[in-house]
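*Asks:* The following block contains the structure, expressed as structure tokens.
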Amino acid sequence: MSVAKEPTHAVAWRVARITLVAVGLYVLFRVLPTGTNLSHMDFRVEGENVIQMCDPANPQFLPVVNVRSPVEFTVQPIAAPRAGQPVTAVLTLRTHAGKAVGPADLLNVHTELLHLMVADPQLMDYHHVHPRPGREPGQWTFAFTPRFGGEYRLFADFTPAATGLGLYASTKLNVAGDPPAPAAMAAAHAPAWATTVDGIDFSLRPAGDFIRAGQEAVMTLVMSRPDGGEVPLAPVMDAFAHVVAFDRDRTGFAHLHPQEIDLAVPPDRHRPTLTFRIVIPSAGRYVAWAQVNNAGTELYAPFWFDVVP
């Protein structure tokens, strides 16, 4: 039984049609809107001493203040900020060329488009807030209540859709009021791997009980109650805890997430334990703020520690 061969011109025409469809689909996907009008080049700045985009899965300490960011970050309070009173402010994000950075330009990372870390000069008052898009392009609004007076520093943590890599910027906000009492500062700044917040004992310890500059350290966060009661952790920003570490001079920070990433497997209810990786390049004194959701109540626990040379 013989099989008739398809004419050569028919084969060529069929191949041409397939090629045309493939080319058409390629062009279509290239011209479809991605939601952002910014490109990879909008988040690059030529020259030296420029902050590099980072892989969110590989956390490290970032010297944000001492390097140039490709994004300009400014903040304007609605009214004069004062310690002990709620502060509402508008922050603006723009590229170095002046292009607005809005919601469509950022990826949702850990349930939020924009993370804002706020710390007072003594690093005794810390807030992790999430600004919301404002009325004008590039504007975002946020609120927090400062505990003390002084020059607060604000760190923005976000991921442009055009790059998929983390970027950072910083600015300052002056708050009227008194600083913490000297005795309170001395007590708060003493190195300690353990503290108690809202009746829960927290400890955050590195393997070997110290962290060496330039080497990766694994830190273990453990929570418990003195009476053996439960500490039922709920997810906060797609994780069972977040840790943000600052150096004493607030030149930068590290935003850490636990290695236990499966939210379907919650930590032990009586002694929840989570691990974090970090690399701190320079020796000195640091503070790490652990943030957890304890049965619907967000708690912040500070740990002061020294990094050895």
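A short reminder: the numbers here are calculations on the coordinates, not readings from a lab. Everything quoted here is computed from the prediction, not taken from an experiment. Every residue, glycine among them, receives a Cβ derived from its backbone with ideal geometry; neighbour counts consider all protein chains shown.
*Asks:* When a footprinting reagent is the concern and you count Cβ atoms within 10 Å, what order do 125, 209, 249 take, fewest first?
*Replies:* By the 10 Å Cβ count, ascending, the order reads 209, 249, 125.
*Asks:* Give me the net charge of residue 112's neighbourhood, meaning all other residues with Cβ under 11 Å from the Cβ of residue 112; Lys, Arg count +1, Asp, Glu -1.
*Replies:* -1
*Asks:* Starting from the Kirkwood Rh over alpha-carbon pairs, what translational D in µm² s⁻¹ does the stretch 53-201 have by Stokes-Einstein at 25 °C and 0.890 mPa s?
*Replies:* Estimated diffusion coefficient is 147 µm²/s.
*Asks:* Give me 230, 151 ranked fewest to most by other Cβ atoms within 10 Å of their Cβ, as a rough exposure proxy.
*Replies:* 151, 230
*Asks:* Around residue 88, with a cut-off of 14 angstrom between Cβ atoms, what is the net charge of the other residues, counting Lys and Arg +1 and Asp and Glu -1?
*Replies:* Net charge around residue 88: +3.
*Asks:* Expressed in nm², what is the orientationally averaged projection area of the convex hull enclosing the Cα positions of the stretch 190-308?
*Replies:* Averaged projected area of the stretch 190-308's Cα convex hull equals 7.1 nm².
*Asks:* If you don't mind, there's one more thing I want to ask. Can you put 242, 189, 128 in order of Cβ neighbours within 10 angstrom, beginning with the fewest?
*Replies:* Fewest-to-most ranking of 242, 189, 128: 189, 128, 242.
*Asks:* A further question follows. Measuring from centroid to centroid over Cα atoms, what is the spacing of the stretch 58-94 and the stretch 232-309 in Å?
*Replies:* Centre-to-centre distance over Cα atoms comes out at 21 Å.
*Asks:* Would you tally the net charge around residue 177, using a Cβ to Cβ cut-off of less than 14 Å, leaving residue 177 out, and scoring K and R as +1, D and E as -1?
*Replies:* With Lys, Arg at +1 and Asp, Glu at -1, the neighbours total -2.
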